[in-house]
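Worksheet: one structure, shown below.
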Amino acid sequence: MQTGARRDATDVSLLQILLLFTGVGLRSFGGGLSAWIYREVVARRGWLKDSEFLGALTLGQILPGSNVVNLSIYVGYRTKGAIGGVVAVSSLLVPPMVMIVMVATVFHQLAQLVWLHRFLEGVAAAAIGMTASVGFRTARALLAEQRWPLLLIVAVFVAVGVMRLPLVPVAIVAGAVGLIIASRRG
Amino acid sequence: MRDNVYLQLITVFVPISLLSLGGGQRIVTDINQQAVAIHGWVTQADFVDLFAISKAAPGPGTLLTTLIGWKASGWPGAVVASLALFVPSSVLTYGATLAWARHDQHAWHRTAARGLAPVATGLILASAFSVLRLSSATWMVWGLAAIALVVFVARPKMNPLTVLFAAGLLYAGLGVMF
């Protein structure tokens, strides 16, 4: 059996994958999905290690398509092979799809409610904080082992966040630099 | 030409699926142009509403595509547009995942993951910062995001929904007072 599924995570069942991604899909109000996936997959269940999760996230950003969808394919595949990938993506997308269309049908009634706008803006602001907290947490985990990643973290943050350079070329260049440094340091 | 609408959805969203790299704002701009100016599936005012819904509702922001398909042709349109957006890029990613994971026994695989990890961390922080900068954010929104950040860092085990809803209630409450 030369599959790439993690041998130490084969006790993960399809039902667990389904429940996890359905939960993420239906609770991620205001965004912050990669933070939700990090919390559920890495922090709470330990299905992936920090560095593997982050490596997959980088690949997901460089490849076409939604980065959280790409990340879900990776997590599903690593835990339960091809079927795991399909279950992860379907569970992440289908329930919120049904929900979002139902929201759209009643949107004009909801749009009158000023407090609801404010409520959702507040939720979105907290979701930004949640995303940032994953950045801080993973930065701390990486820097606990080695110092050099700090340079790359700051460079990518400044290039994409502050200078607003296009994400994919920055990720490819920074990824290449990271690969070179990591291979020299061993 | 009503029976062509599915074909149109496919010809619009398959290229977006495969070519819109880096996600985010670029994808939204492309979808906006196609859905409003080129195909007239929705008006610009509708588009703004649908975009707001896709940002606030749970699930990835790219579910905007589902809503455009639904406006264009009901539930079948929603399904066709979603499949057209998500399947091609997912097949590609699956192939890349297979290639990447096949070598997980080699030492270089772990080295590669270590080399890429700082990039993802920088991108996560950048995405949080960019959203704040884009969202015509008031100082109160920045403050709320900062408080949430502190709470999430200090209490990683806490249920995120509690924090999200508390922030929503707080911001709605402040809106009543000011």
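Between B:Val48 and A:Met102, the simple spin-label model (points 7 angstrom out along Cα→Cβ) gives 2.9 nm. Rounded to the nearest 20 debye, the dipole magnitude of the protein assembly as shown is 940 debye, with +1 charges on Lys and Arg beta carbons, -1 on Asp and Glu beta carbons, and the Cα centre as origin. Dipole of the stretch B:1-102 computed with +1 at Lys/Arg Cβ and -1 at Asp/Glu Cβ about the Cα centre; of B:Trp70, B:Val80, B:Trp100, farthest Cα towards the positive end is B:Trp100.
Specify whether the C-alpha gyration tensor of the stretch B:1-135 places it in the rounded, prolate or oblate class, a ≥ b ≥ c being the square roots of the eigenvalues: rounded for a/c under 1.5, otherwise prolate if a/b is larger than b/c and oblate if not. Judged from the Cα gyration tensor, the stretch B:1-135 comes out oblate (a/c at least 1.5, b/c at or above a/b).
Comparing A:Arg164, A:Arg39, A:Arg140 in a Gaussian network model of chain A, where Cα atoms under 10 Å apart are tied by springs, the biggest mean-square fluctuation is seen for A:Arg164.
By the rule of a C-alpha distance below 24 Å, with chain neighbours fewer than 8 residues away ignored, the lysines paired with A:Lys80 are A:Lys49.
Among the helices of chain A, those built from whole DSSP H runs whose Cα atoms reach 20 Å or more along their own axis and whose mean Kyte-Doolittle hydropathy is at least 0.5 are A:67-105, A:114-145, A:167-185. Can you bin the stretch B:13-82 into rounded, prolate or oblate? Criterion: square roots of the alpha carbon gyration tensor eigenvalues sorted a ≥ b ≥ c, rounded for a/c under 1.5, prolate for a/b above b/c, oblate for the rest. Rounded. Rounded, prolate or oblate, given the Cα gyration tensor of the protein assembly as shown, with a/c below 1.5 counting as rounded? Taking the square roots of the gyration eigenvalues as a ≥ b ≥ c, the protein assembly as shown is oblate.
Bear in mind these aren't lab numbers, they're just calculated from the coordinates by the rules spelled out. Nothing here was measured: the structure is a model prediction, and the numbers come from that model. With ideal geometry, Cβ positions are generated from the backbone for all residues, glycine too; neighbour counts draw on all protein chains shown.
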